[in-house]
1. Assuming residue 86 fulfils every condition listed in (1) closer than 20 Å to residue 14 by Cα; (2) without any contact (Cβ under 8 Å) to a residue 24 or more places away in the chain apart from one, which condition is it?
2. For the subset of region 1-28 comprising residues that are basic (Lys, Arg) and farther than 15 Å from residue 68 by Cβ, which member is nearest to the chain's Cα centre (by Cα)?
3. Return the residue satisfying two criteria in turn: it lies in region 39-60 and is without any contact (Cβ under 8 Å) to a residue 12 or more places away in the chain and either among the polar types (S, T, N, Q) or exposed (fewer than 14 other Cβ atoms within 10 Å of the Cβ) (or both), and of such residues it is nearest to residue 10 (Cα to Cα).
4. For region 45-93, give me each residue that is hydrophobic (A, V, I, L, M, F, W, C), closer than 20 Å to residue 33 by Cβ and not in a helix (DSSP H, G or I).
5. Of all the residues that make up region 42-84, how many are among the polar types (S, T, N, Q) and modelled with pLDDT of 90 or more?
6. Can you tell me which residue is nearest to residue 1 (Cα to Cα) among those in region 30-81 that are among the β-branched types (Val, Ile, Thr) and within 9 Å of the chain's Cα centre (by Cα)?
7. Take the conditions surrounded by 14 or more Cβ atoms within 10 Å (Cβ to Cβ), among the aromatic types (Phe, Trp, Tyr) and at pLDDT below 85 and apply them to residue 32. Does it pass?
8. May I ask you to list pairs of residues, at least six apart or on different chains, whose Cβ atoms are under 9 Å apart, with the first in region 13-24 being closer than 18 Å to residue 58 by Cα and the second being in a helix (DSSP H, G or I) and of a type in the set (S, T, N, Q)?
Amino acid sequence: MTRFLFSKRESRQRWAALSWSTFKRNLLKSEFEWAVRDYMISAMMKIQMSNLDIELVPLFWSGARLIIGKMDRELITEYLRGLDGNFYRLMLD
């Protein structure tokens, strides 16, 4: 589901966004590690200034917003901050 949040195929992206938006509880640490982390890092690497895929930028940030909305404070501070590719630096770029 996370992989499709960052898909350029509209039908996949729409399905994933709907699924994430109707998810009723916050993510667990294990779910983040297993189902979110690698796909988020992969998408982050495609929107770095040195490797910019301009079409992916709005998809990434809309997907990231949905994911962050399902994270508690601990997950955000421990796991989001620790992503390869430096999520916070990416926000500034």
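The values are calculated or read from the model by the stated rules, or taken from the named source; none is laboratory data. Remember, it's a predicted structure, so these values are computed and weren't measured experimentally. Positions of Cβ are backbone-derived with ideal geometry, glycine not excepted, and every protein chain shown enters the neighbour counts.
1. (1)
2. Restricting to residues being basic (Lys, Arg) and farther than 15 Å from residue 68 by Cβ, the top hit is 3.
3. 58
4. 71, 83
5. Residues flagged as among the polar types (S, T, N, Q) and modelled with pLDDT of 90 or more within region 42-84 amount to 2.
6. The residue in question is 36.
7. For residue 32, the condition - surrounded by 14 or more Cβ atoms within 10 Å (Cβ to Cβ), among the aromatic types (Phe, Trp, Tyr) and at pLDDT below 85 - is not met.
8. Once the first residue is closer than 18 Å to residue 58 by Cα and sits in region 13-24, its partners that are in a helix (DSSP H, G or I) and of a type in the set (S, T, N, Q) give 13/62; 16/2; 17/62; 20/2.
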